[in-house]
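The values are calculated or read from the model by the stated rules, or taken from the named source; none is laboratory data. Computed from a predicted structure; not experimentally measured. Don't worry about glycine lacking a Cβ; one is built from the backbone with ideal geometry, like all the others, and counts go over all protein chains shown. Heavy atoms of the whole protein, side chains included, go into the accessibility calculation; ligands, DNA and RNA do not. Shrake-Rupley method; radii C 1.70, N 1.55, O 1.52, S 1.80 Å.
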Amino acid sequence: MSVAVTSFAIFAASQVGTPGPANMALMTTGARYGFRAALPFVAGVALGKQLVIWPVGFGLMELAEEAPWVFETLKYASAAYIIWLAWRVAHARLGAVDQAQAAPGFAAGLIVHPLNPKAWAMIVGGFTAFVAPGTPVIEATATIAAVLLGCQVLLHPLWTLAGEGIARTIAGTAMEPYLMWTLAAVTVASVLFVLFGGGT
């Protein structure tokens, strides 16, 4: 095949499954609202990566060379959005959720990856390292898109469940505020590491 599917799948699983801004947002959302309430957000996060994959596959990276400020702006928009999610969770408490504190929904999840520098690095790396020269654009893009979506469908819910599992043992205890602030702090740290530490 023109795309090294097996090698890319291993790479994709290692990237999708490891800590990063999106996974930390999923974990904190699961901890705060529970797995079931977080499902629309999880679905949005999973599908949101497609909003990056297809434009990149069809030549968006040429824009990066012509107008690099666009992607520099994107990086800081990413930090602002995901840090906002972390702030929202840090100040919330586990347990019953009233209407004013409803879980972030599908639309909120949909924009996580377009504003996630780790996602951009992962996708660009996929196209540059695992696609043979001369591969038809539609074949390469569809393959990258399918592999990443498969990894997300399997792994993103696990992060959300992990957050819910942690919350079950902490809710209503003196440790609850520390849990929420810790998850928020790790989320922020993951964003800062990706932006300034060279991580992907």
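Computed values, structure above
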| item | result |
| --- | --- |
| Any hit, the stretch 75-86, residues being modelled with pLDDT of 70 or more, open to solvent by 50 Å² or more (accessible area, probe 1.4 Å) and more than 15 Å from Thr29 (Cβ to Cβ) | yes |
| Residue identified as modelled with pLDDT under 80 and open to solvent by 20 Å² or more (accessible area, probe 1.4 Å) among Val147, Val131, Val89, Val186 | Val186 |
| Failed criterion for Lys49 (all others in (1) crowded, with 24+ Cβ neighbours inside 10 Å; (2) of a type in the set (D, E, K, R); (3) more than 12 Å from the chain's Cα centre (by Cα); (4) at pLDDT 85 or above hold) | (3) |
| Per-region count, the stretch 133-181, residues outside any helix (DSSP H, G or I) and free of Cβ contacts under 8 Å to residues at least 24 places away in the same chain | 4 |
| Complete set of residues in the stretch 28-46 that are open to solvent by 10 Å² or more (accessible area, probe 1.4 Å) and more than 30 Å from Val137 (Cβ to Cβ) | Tyr33, Gly34, Phe35, Arg36, Ala37, Leu39, Pro40 |
| Which numbered condition Ala25 misses (of (1) under 14 Å from Leu115 (Cα atoms); (2) at pLDDT 80 or above; (3) open to solvent by 10 Å² or more (accessible area, probe 1.4 Å)) | (3) |
| Residue satisfying all of: in the stretch 1-14; open to solvent by less than 30 Å² (accessible area, probe 1.4 Å) and assigned to a helix (DSSP H, G or I); nearest to Pro157 (Cα to Cα) among these | Ala12 |
